[in-house]
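See structure below.
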Amino acid sequence: MSLTTEFAFELRANVDAPQEVGDTPAGRRRFIPIAGGTFAGPRLKGIVMPGGADAQVIRPDGVTDLVARYTLKTDDDTLIYVVNRGLRHGPVEVMQRLMRGEPVDPALYYFRTTPVFEVAAGPHDWLNRSIFVGIGARHAAEVHVRYYRVL
């Protein structure tokens with residue numbers, strides 16, 4: 001057996017400045033509001049609705065554990081609810097540059113996600129019936145994620 005994937009879509013989410021909760025028993029807690037954005041792929045495209053957020057904990061081992069919740073709106077007005085869990089980590093100096101909003105080559109750090117999509121019956125309900133993985137890149141005011149459907 002082997003694992004194969006197919007490209008589903010790329011998302012570009014605009015994010016506001018992080019809200020720093022601070023050091024908690026779980027780690028450094030941050031909350032990043034999602035302000036909007038776009039997504040596009042072979043079978044769907046549309047906008048990222050404002051109002052979502054990425055809740056993060058930077059663990060004591062330096063790994064950022066994230067859970068983003070947001071809504072997509074396709075060009076045919078279908079709403080898709082997304083819960084996207086992931087991990088981001090890399091060398092200390094690379095992660096410090098990311099935290100300062102500096103440009104960093106995504107090849108220098110690990111940023112992977114496992115989204116779950118919820119959508120009503122219709123042309124996009126194929127999202128309900130597959131496993132997806134995402135490969136992310138963090139920029140100063142944007143997050144890019146390329147999503148792949150596991151076949």
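Listed values, structure above:
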quantity	calculated
Wholly within region 1-73, strands (runs of 3 or more DSSP E) carrying at least 2 residues that are touching a strand residue (DSSP E or B) at 6+ places or on another chain (Cβ under 6 Å), surrounded by fewer than 16 Cβ atoms within 10 Å (Cβ to Cβ) and in contact (Cβ under 8 Å) with a residue 60 or more places away in the chain	5-15
Meets criteria (exposed (fewer than 15 other Cβ atoms within 10 Å of the Cβ) and either more than 26 Å from residue 5 (Cβ to Cβ) or without any contact (Cβ under 8 Å) to a residue 40 or more places away in the chain (or both)) for residue 116	yes
Filter pass, residue 95 being crowded, with 17+ Cβ neighbours inside 10 Å, among the aliphatic types (A, V, I, L, M) and either at pLDDT below 95 or assigned to a helix (DSSP H, G or I) (or both)	yes
Of all residues in region 119-151 being aromatic (Phe, Trp, Tyr) and crowded, with 19+ Cβ neighbours inside 10 Å, the one that is nearest to residue 37 (Cα to Cα)	147
Subset of region 123-142 (residues that are closer than 28 Å to residue 95 by Cα and among the small types (Gly, Ala, Ser))	134, 136, 137, 140, 141
Which listed residue is on the phi > 0 side of the Ramachandran plot and in contact with a Gly (Cβ under 9 Å, 6 or more places away or on another chain), from 37, 62	62
Of all residues making up region 75-92, the number that are under 18 Å from residue 46 (Cβ atoms) and either of a type in the set (S, T, N, Q) or surrounded by 17 or more Cβ atoms within 10 Å (Cβ to Cβ) (or both)	4
Residue, farthest from the chain's Cα centre (by Cα), within region 74-92, restricted to residues that are closer than 25 Å to residue 23 by Cα and not in a loop (DSSP other than H, G, I, E, B)	92
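Residues checked against (1) more than 26 Å from residue 119 (Cβ to Cβ); (2) modelled with pLDDT under 95; (3) touching a helix residue (DSSP H, G or I) at 6+ places or on another chain (Cβ under 7 Å); (4) not polar (S, T, N, Q):
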position	(1), (2), (3), (4)
8	no, no, no, yes
15	no, no, no, yes
18	yes, yes, no, yes
24	yes, yes, no, no
34	no, no, no, yes
47	no, no, no, yes
53	no, no, no, yes
57	yes, no, no, yes
70	no, no, no, yes
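The values are calculated or read from the model by the stated rules, or taken from the named source; none is laboratory data. Everything quoted here is computed from the prediction, not taken from an experiment. Backbone-built Cβ (ideal geometry, glycine too); neighbour counts: all protein chains shown.
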